[in-house]
Amino acid sequence: MIKTFIDKLLGKRAGSKNPFGKRQEVPESVHHIDPALVDKRAAEVVRTLKQAGFEAYIVGGAVRDLLLGLKPKDFDVATNATPEQVKGLFRRAFIIGRRFRIVHVVHGRGREHEVIEVSTFRAYLDNAAAEQVQGNEKTGKAELAGLRHAVDASGRVLRDNVWGPQEEDAARRDFTVNALYYDPETQIVVDYHKGIEDANKRLLRMIGDPATRFHEDPVRIIRAARFAAKLGARGFTLEPRSAKPLVACEPLLRDIPQSRLFDEMLKLLQTGHALASVEQLRKLGLERGIYPLLDVVVERAELPLVHAVLLDTDRRVGEGKAVAPSFLLSCVLWPDVKAGWERHQARGEHAFPALQAAIDEVFAQRIGDISGRGKLAADMREIWVMQPRFEKRSGQSALSMVAHIRFRAGFDFLRLRADSGEVPEELVAWWQQFSMADDARRQDMLDQVRDEQRQRQRAQSRRSAPVAPAAQEGASAAPEGTDGALHAAPKKRRRRRRKPAADGGGEAAPE
């Protein structure tokens, strides 16, 4: 009774569920996480923070994957240290972000470098009490300056940099299986929302009211589809209550910056489950409306070239190979480029200017204004411009092609075009052999191509040469006053021999 009275004073409703859940510390004997799967550099970050007197845990999707016996691709760390305190503990650490301020701790250099993302525990706040901004991330920059907790008119969180305890940090995460904290030193998993139980049930369940959580951050709609696709192969399903408001909340994505939606699209398509993501978007009723370029991918997913690149992307990610958005989007948008190229050539434009004009039109219509478009567009343009050059195979042009920095990307694009029946397989085989041959063999191959081209040109010339009409038979077929002999081939003239002169001189004797 006293507790009820205190709850009323604090504004709590009788029988209301605790949004923070109950802390459970799950030992290794229950969760069975293999410590060998934990990245040593992530464990080192945790150790450094703990030695400095802070709490620190590996958190999020990495813990979920460890529970499933998978080696996570990325490791994130959560701590009660502020970004400034984290930065002060590491030699190479950088504070990034405005909406969520986090720290990137960098290990290694060059291609071997790894970034451990460190975030500070955030407070669970009532967004109704937050500062309300009329604009969005772009139009409301002046209003957002200096604010730590702010939302727009739709309830989308624009700033969330109020620090709090771990239990509140767990409550503001999206799915229960992503709200788990793992200490690699004690091997304890901290669970507030029955995330381990949901992982065992293979259930994706949103923490709190799903519609409210989607309003707070509409990008969670895309994340729901991505996790359902990624974990579907492991038997996970999206809880019906969590899936129900997805379609109704989808229009909220229109206020999200284009660059952020582009990044989320790449996560859908370039993390090893592109085909499953397309299928999941259709299943959830989200095949249109999330992002225009993603709509094109879903629409064309069954085209031979697009299906081949989605399948090839999944394969490469599975093999631990690098993938580039420029290559994927080059395949997706090639039908537009090809159609525009043919259209410009039909107007009488030369092939190369026609191709460049078609590419410019596609960039303007499909790519739009996104962060990093310049680099992306340059790579895509090079891949497309190489395609007609592959068909020439002449002298210096072929040698410069194999030396081109984008040759492998252009060749892989050609290979997928061949797989879809757009170009002959023999052309791909020739370039494969040519790229791996030594100088002498390359010259032999070029000489052979040149001879074959000359033979084709001579054969074409013979076929296109005018044929003389057959000699007409009979005088009736000849023009009046002539005979048929006039139309026959001219006779070879015999050279007449001169008779020798008599008696050593004088004129020739008469015949």
Run the accessible area of region 15-67 with a 1.4 Å probe and give the carbon-and-sulfur part as a rounded percent.
49
Longer than 22 Å from Cα to Cα, which of 87/267; 71/321; 338/392 are they? Say none if no pair is.
87/267
Considering only protein heavy atoms and a 1.4 Å probe, what is the carbon-and-sulfur percentage of the accessible area of region 212-260?
51
Mind grabbing the accessible area of residue 338 for me, 1.4 Å probe, Å², rounded to tens?
70
Calculate the tail of P(r) for region 217-259: the fraction of all Cα-Cα distances greater than 15 Å, expressed in %.
46
Can you find, among 206, 309, 257, the residue farthest towards the positive end of the dipole of region 166-319? Put +1 on the C-beta of Lys and Arg, -1 on that of Asp and Glu.
309
Could you check the spin-label model distance between residue 247 and residue 397? Points 7 Å from the Cα along Cα→Cβ, value in nm.
5.2
Rolling a 1.4 angstrom probe over the protein heavy atoms, how many square angstrom per residue are accessible across region 35-98?
49
Considering only protein heavy atoms, what per residue accessible area in square angstrom results for region 312-407 with a 1.4 angstrom probe?
48
Rounded percent of accessible protein surface that carbon and sulfur make up, region 272-422, 1.4 Å probe:
53
Listed peptides 326-334, 284-292, 113-121 by packing density, highest first (mean Cβ within 10 Å):
326-334, 113-121, 284-292
Length gain on complete extension for the stretch residue 405 to residue 283, per 0.36 nm per residue less the alpha carbon to alpha carbon distance?
39.9 nm
With all protein chains present, calculate the accessible area of residue 41 using a 1.4 Å probe and round the result to the nearest 10 Å².
80
On a 1.4 Å probe surface of the protein chains, which of 426, 342, 168, 349 comes out largest in accessible area, and what is the full order?
426, 342, 349, 168
Residue 106 paired with residue 197, simple spin-label distance in nm, labels 7 Å along Cα-to-beta-carbon:
4.4
Given a cut-off of 22 Å, what percent of all Cα-Cα pairs of region 181-256 lie beyond it?
32
Roughly how much of residue 405 is accessible, in Å² to the nearest 10, using a 1.4 Å probe?
140
Test of understanding: express the Cα radius of gyration of region 310-438 as a ratio to 2.2 N^0.38 Å, with N the residue count.
1.08
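The values are calculated or read from the model by the stated rules, or taken from the named source; none is laboratory data. In this text, all values refer to a predicted model and were calculated from it rather than measured experimentally. Virtual Cβ from ideal backbone geometry, glycine too; neighbours counted across all protein chains shown. The protein model used for the area step is the full one, side chains on, heavy atoms only, and it has no ligands, DNA or RNA in it. Shrake-Rupley method; radii C 1.70, N 1.55, O 1.52, S 1.80 Å.
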